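Encoded as structure tokens, the structure appears first; notes follow it.
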Amino acid sequence: MTRTWVVGVLLLAGCGSSGGGGAALPDIASFTASPALVIGDGGVVTLSWSITGADSASIAPGIGAVATPAGGSTSAQVSANTVFTLTATGAGGTSTKLASVGVCDPGPGNLAGTCNIASAGQCVDFSGLGSTDWGALQPYCVQLGGTWGSTLCPTASRVGTCQEPPLSMRSGITCSTTGVILERYYTPSYTTTSAQALCNGVPGTVFTPN
């Protein structure tokens with residue numbers, strides 16, 4: 001089964017209010033925050049923008065007016081989840097766009113759990129998790145039709161194990177750089193060959209027949 005672990009780290013939205021005279025609203029082509037996810041107690045992110053048709057632009061919170069409305073970048077310190085708002089003003093009115101930055105907690109790095117998706121022939125053992133990942137994985141496991149618990153995945157009918165690197169795209173781990181992800185595959189949903197093929201779809205994985 002192909003799993004998509006969704007991490008909401010960048011939010012872009014646009015809206016505007018029109019001025020008079022039939023002039024067009026400023027067009028905010030892009031507004032981004034990089035990195036969109038900061039691990040630890042916070043850090044510095046770079047906000048970048050590209051706008052046409054604006055006489056002025058500002059970013060909130062904490063930045064204020066920018067010197068080059070047409071495009072540029074600036075740095076901001078974040079210590080908690082933050083949504084930055086870019087407001088561009090021109091003859092036609094104002095336009096806004098959002099960029100979201102998440103701050104995640106990797107500590108204490110010793111939490112564990114198991115997501116058993118029996119209907120799909122998969123079970124995943126997690127360890128070395130921080131509190132942010134541990135809390136986020138539990139509802140997502142249920143959303144996938146799985147059961148979250150503390151009992152390790154069963155060995156009966158297992159055809160193989162895929163160890164995924166932490167922070168890989170499908171691991172579901174976004175903060176815990178020391179996290180260990182052991183994805184188990186079972187008959188009749190999988191054979192050793194099909195399980196290994198799925199495992200090899202993610203760079204850095206190691207498959208062990210069982």
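Every number in this text was worked out from the coordinates using simple rules, so none of it is lab data. Quick caveat: nothing in here was measured; it's all calculated off a predicted structure. Positions of Cβ are backbone-derived with ideal geometry, glycine not excepted, and every protein chain shown enters the neighbour counts.
The Cβ shell under 13 Å around Ser176 holds other residues with a net charge of -3, Lys and Arg each +1, Asp and Glu each -1.
Each label point was placed 7 Å from the Cα along the Cα-to-Cβ direction; for Val44 and Met169 their separation is 3.0 nm.
Taking Cα atoms only, the orientation of helix 131-143 departs from the longest principal axis of the chain by about 70 degrees. In order along the stretch 162-176, phi translates into HN-Hα couplings of 10, 8, 9, x, x, 6, 5, 4, 9, 6, x, 9, 10, 10, 7 Hz, rounded to whole numbers, per the Karplus curve 6.51 cos²θ - 1.76 cosθ + 1.60 with θ = phi - 60° and x for Gly and Pro.
Over 16 Å apart: what share of the alpha carbon pairs of the stretch 14-104 falls there, rounded to a whole percent? The answer is 50 percent, as a whole percent. FRET efficiency for the pair Thr151 and Ala36, taken as 1/(1 + (r/R0)^6) with r the Cβ-Cβ distance and R0 = 45 Å, rounds to 0.80. With each label modelled as a point 7 angstrom along the Cα→C-beta vector, the Ser75-Asn210 pair spans 4.6 nm.
Each stretch of four or more DSSP H residues adds -39500 (n - 2.57); spread over every residue of the chain, this sum gives -3000 deg cm²/dmol at 222 nm.
Each of Thr46, Thr85, Thr94 was scored by other Cβ atoms within 10 Å of its Cβ. Listed from fewest to most, they are Thr46, Thr85, Thr94. A viscosity of 0.692 mPa s and a temperature of 37 °C, combined with the Kirkwood radius over Cα pairs in Stokes-Einstein, give a translational diffusion coefficient for the stretch 89-145 of 231 µm²/s.
Backbone amide hydrogens, once placed in the peptide plane, bring Gly128 within less than 5 Å of Leu111, Val180, excluding anything fewer than 5 places away on its chain. Inter-part distance, the stretch 67-94 to the stretch 164-210, computed on C-alpha centroids, equals 40 Å. For the chain, the equivalent ellipsoid derived from the Cα gyration tensor has semi-axes of 45, 18, 13 Å, listed largest first.
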